[in-house]
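See below for the structure under consideration.
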Protein chains: 2
Amino acid sequence: MSKPTETERCIESLIAVFQKYSGKDGNKSKLSKTEFLTFMNTELAAFTKNQKDPGVLDRMMKKLDLNSDGQLDFQEFLNLIGGLAIACHDSFLQKFN
Amino acid sequence: MSKPTETERCIESLIAVFQKYSGKDGNKSKLSKTEFLTFMNTELAAFTKNQKDPGVLDRMMKKLDLNSDGQLDFQEFLNLIGGLAIACHDSFLQKFN
């Protein structure tokens, strides 16, 4: 098998990171609120520490939890990653255009 | 600045890979059809070569091109990555449940 490409490594990482945090308690295929907070404070500490409003993570969780089951499945988790990537990409374009 | 986390590296990779292929011709912030085909045949060759139907990439492009401008912006590109990640994640869960 050839060496994975950057895109393949990225897809593997997204799955690995999701499972690392969703596997901590209860339902292994969903992020509970606690697991989501642990993920945000560990994997995205730079983003999280920059937020002035303490309620931002609660609001993010509610907005991401499309089916309101109090947890994030993999699709809802990807929407989080996508949203952050778009924010970074847009700020990158503004800086260099 | 602390070492990037796996999630931060993944977000950087998604932006870097998109810009690597979208920057080849015309509009730098969109993937043209040609750039999309180059991306699929390079970054996701393992997936692409496995497809029996030659029209699959055309259909994927049409489905991903939500605003039908004949190109993929970063959001539409992320939907592609997300779709593939979900397919991999689901097949992973089936194997180990």
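The values are calculated or read from the model by the stated rules, or taken from the named source; none is laboratory data. Just so we're clear, the structure is a prediction, and the values are computed from it rather than from any experiment. Cβ sites come from the backbone with ideal geometry, for glycine too, and all protein chains shown count toward neighbours. Side chains are part of the model used for accessible areas, which takes the heavy atoms of the whole protein and leaves out ligands, DNA and RNA. Shrake-Rupley method; radii C 1.70, N 1.55, O 1.52, S 1.80 Å.
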Scan the stretch B:1-17 and report the pairs whose first residue is over 14 Å from A:Met40 (Cα atoms) and whose second residue is of a type in the set (Asp, Glu) and in a helix (DSSP H, G or I), with Cβ atoms within less than 6 Å and a gap of 6+ or a chain change.
B:Ser13/A:Glu6; B:Val17/A:Glu6
I'm trying to understand the selection: among the residues of the stretch A:48-97, which are of a type in the set (Phe, Trp, Tyr) and under 13 Å from the mean Cα position of the chain (by Cα)?
A:Phe74, A:Phe77
Scan the stretch A:65-82 residue by residue and report those that are open to solvent by 40 Å² or more (accessible area, probe 1.4 Å) and within 11 Å of chain B (Cβ to nearest Cβ).
A:Asp73, A:Gln75, A:Asn79
List the helices (runs of 4 or more DSSP H) inside the stretch A:9-97, counting only whole elements, that have at least 2 residues being at pLDDT 95 or above.
A:33-42, A:56-64, A:74-96
Name every residue in the stretch A:1-53 that is of a type in the set (A, V, I, L, M) and either surrounded by fewer than 19 Cβ atoms within 10 Å (Cβ to Cβ) or within 11 Å of chain B (Cβ to nearest Cβ) (or both), in order of residue number.
A:Met1, A:Ile11, A:Leu14, A:Ile15, A:Ala16, A:Val17, A:Leu37, A:Met40, A:Leu44, A:Ala45, A:Ala46
